[in-house]
Amino acid sequence: MSGSLRVVTIVNAVIYFAAAVYHSGLLVSAGALAAASIAEFLLGLVLVAALLSLLGPRIAYGIVLAGTLFGLTIVVLRGLLGVDLWIHVAMLVGLAVAFVLILRPRTA
């Protein structure tokens, strides 16, 4: 994993863990959504696994993208278009940056 991708992965993991805390209801009771908290925590762990080279970045980010799109679908279908939508937008931006770094051609 390149240095740039490592930094982006750390930032992305922090975003997922922060979303998990938000949805746990510990900080904001209005944000409590246990299922989302668990899913976001697990996706954060997938990113940590990539940082520790337990998973390849492509596999890790593929799993995280699938989970994020699933969560976004739930957000949209439930009409949760406030904070929950913006959390997913931030996640997708972070994932897009990571995929650009993962898929860019390597120079010698």
| message | Per residue, how much accessible surface does the chain expose to a 1.4 Å probe? Answer in Å², no decimals. | response | 58 Å²
| said: If I build a Gaussian network model for the chain, linking alpha-carbon pairs within less than 10 angstrom, which residue out of Val83, Val48, Val11 has the largest mean-square fluctuation? | reply: Val83
| field | Neighbourhood charge, 15 Å Cβ-Cβ cut-off, centred on Val8 and excluding it, Lys, Arg +1 and Asp, Glu -1 | value | +3
| request: Return the distance in nm (one decimal) between the two label points of a simple spin-label model at Arg106 and Arg58, each offset 7 Å from Cα along Cα→Cβ. | output: 1.2 nm
| How large is the helix-only mean residue ellipticity at 222 nm for the chain, computed as the sum of -39500 (n - 2.57) over DSSP H runs with n ≥ 4, divided by its residue count, in deg cm²/dmol to the nearest 500? | -26500 deg cm²/dmol
| task | Note the per residue figure in Å³ for the convex hull of the C-alpha positions in segment 60-103. | result | 51 Å³
| query | Rounded to a whole number, what % of the accessible area of segment 1-83 do carbon and sulfur atoms account for, probe 1.4 Å? | reply | 77 percent
| task | Write down the Å³ per residue value for the convex hull defined by the alpha carbon atoms of the chain. | result | 88 Å³
| field | Highest-fluctuation residue, Leu54, Leu43, Leu95 considered, GNM on the chain with Cα pairs under 10 Å | value | Leu54
| query | How many percent of all Cα-Cα pairs in segment 1-51 sit more than 18 Å apart? | reply | 34 percent
| Degrees between helix 34-51 axis and first principal axis of the chain (Cα, 0 to 90, nearest 10) | 10 degrees
| remark: At R0 = 25 Å the Cβ-Cβ FRET efficiency linking Arg6 and Leu85, nearest 0.05, sits at 0.30
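The values are calculated or read from the model by the stated rules, or taken from the named source; none is laboratory data. Keep in mind that what you see is a predicted model, and the values were worked out from it rather than measured. All Cβ positions, even for glycine, are placed from backbone atoms using ideal geometry, and neighbour counts span all protein chains on display. Accessible surface areas use protein heavy atoms only, side chains included; no ligands, DNA or RNA. Shrake-Rupley method; radii C 1.70, N 1.55, O 1.52, S 1.80 Å.
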